[in-house]
Amino acid sequence: MCIYKIIIMGCDIHFYVEKWSDEKTTNGPSDIKDVRDSNLSTILKLKREHRWISADTWIEEYDDWTNYDNAFYRGRNYALFAKLADVRNDGSIEPLDDPRGVPENASYAYRHAVNQMGRDGHSHSYFTLDELLNSGVDWTLFSNFASTIEKMKKVDPDPSNVRCVFFFDN
């Protein structure tokens, strides 16, 4: 007698929120260059350049940084994954866009998360809040994601200054 065992792996999203800001300090993992530039702008009384910084709440845990307990979105909704990046799509959902990759100007915190995941991370992408709000999608159809959109709206009054950056792992 032969018994076959089928193992179906789950897929998870690693979801982060960034804001376009000239704030001098950031929360979570930080790049020494960014720290240096912030310190120089303080010492020289200069306005800090705008850049994408993490809007997530990070904690240091086990000698590394995590936002897991405080993430804007935590869930496993394959319909949402299909809508955002054509991940786990059976062809029945029209994705907003193909995965766009890691933004060149991504925050250091997000790049740190991407590097920590290494090759296990895939389908990297991002959308501004403005893009999500103007997509014509009824986000209430994707459980818990409508509340994520509402939380993102609180980051900055201008939705073009807020974006989600994300990737998946199996």
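Quick check on region 92-170: take the gyration tensor over C-alpha atoms, sort the square-rooted eigenvalues as a ≥ b ≥ c, and tell me if it's rounded (a/c under 1.5), prolate or oblate. Provide the component values of the computation, followed by the final result.
Working: a/c = 1.88, a/b = 1.32, b/c = 1.43.
Taking the square roots of the gyration eigenvalues as a ≥ b ≥ c, region 92-170 is oblate.
Apply 1/(1 + (r/R0)^6) to the Cβ-Cβ distance of ASN70 and ASP90, taking R0 = 45 Å, and write down the FRET efficiency to the nearest 0.05.
Working from the Cβ atoms, E equals 0.90.
Using the per-residue mean of other Cβ atoms lying within 10 Å as a proxy for protection, in what order, highest first, do the peptides 96-109, 132-145 fall?
Details: 96-109: 16.2, 132-145: 13.8.
Descending packing order for the listed peptides: 96-109, 132-145.
Name all residues of region 80-97 having a backbone nitrogen under 19 Å from the label point set 7 Å from the Cα of ASP138 along its Cα→Cβ direction, giving them as ranges.
Counting only backbone N, you get 80-84, 92-96.
Every read-out reported here was derived from the displayed coordinates using simple, explicitly stated rules and does not represent laboratory data. Note that the structure is a prediction, hence the values are computed from the model and not measured. Note that each Cβ is placed from the backbone with ideal geometry, even for glycine, and that neighbours are counted across all protein chains shown.
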